[in-house]
1. Would you mind ranking 124, 32 so that the residue whose beta carbon has the fewest other beta carbons within 10 Å leads the list?
2. 7 Å from Cα along Cα→Cβ at both residue 97 and residue 7: what's the point-to-point distance in nm?
3. From the residues 76, 104, 60, which one has its Cα farthest along the dipole of the range 7-123 in the positive direction, the dipole being from +1 and -1 charges on Cβ of Lys/Arg and Asp/Glu about the Cα centre?
4. How large is the charge dipole for the range 1-76, taken about the Cα centre, if only the Cβ atoms of Lys, Arg (+1) and Asp, Glu (-1) carry charge, to the nearest 20 debye?
5. If you average the alpha carbon positions of the range 1-20 and of the range 30-72, how far apart do those two centres end up, in angstrom?
6. Taking the Cα centre of the range 7-123 as origin and charging only Cβ (+1 Lys, Arg; -1 Asp, Glu), how large is the dipole, in debye to the nearest 20?
7. Taking a spot 7 Å from the Cα of residue 59 along the direction of its beta carbon, which residues of the range 16-50 have an amide N less than 11 Å from it?
8. Once both labels are modelled 7 Å past Cα along the beta-carbon direction, what's the residue 23-residue 52 spacing in nm?
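Where a number appears in this text, it was derived from the coordinates with a stated rule and is not lab data. The structure presented is a predicted model; accordingly, all values stated were derived computationally and were not measured. No Cβ is skipped: glycine too gets one built from the backbone with ideal geometry, and neighbour counts run over all protein chains shown.
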Amino acid sequence: MVKKLLHTRMRVNDLAATVKFYQEALGLKLTRQHTSPRGAQLAFLQTPNSDEEIELCQLPNSPSVQVQPDLMHLAFEVADLAAFTVQLEKKGYKLSDGPTATGSGSVIAFIDAPEGYEVELIQRAR
């Protein structure tokens, strides 16, 4: 039996641009960055109020990442989606979908990371 989730790994084409996106748009913190023994460039991002990290990986001499629609996404809770969206736009980022009210009373929206990975933003029902 596993103890807990440690990280989720996503392969990217441009490590620097993707790290910048997650830091600027979502406020994630870069905790460490290094080259693996196999030559992969790795960056780990910490999410607020979570132990889990996001591991970004850029592999040298490998085919370009081609993210398929609806392959996977990360979801983050935000306190106020409207205010968060205003801050995103001030930083030059735009929603790719939403905001949309759900049947549960939550409001969701999406923004795309550089490779096309979807990031879901959720304002939970109050």
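1. So the ranking, lowest neighbour count to highest, is 32, 124.
2. 2.8
3. Going by the charge dipole, the pick is 60.
4. 240
5. Spelled out, the Cα-based centre of one part sits 4 Å from the other.
6. Details: 9 positive and 15 negative charges, 91 e Å.
Around 440 debye, computed over the range 7-123.
7. Taking a point 7 Å out along Cα→Cβ of residue 59, the residues of the range 16-50 whose backbone N falls under 11 Å are 40.
8. 2.4
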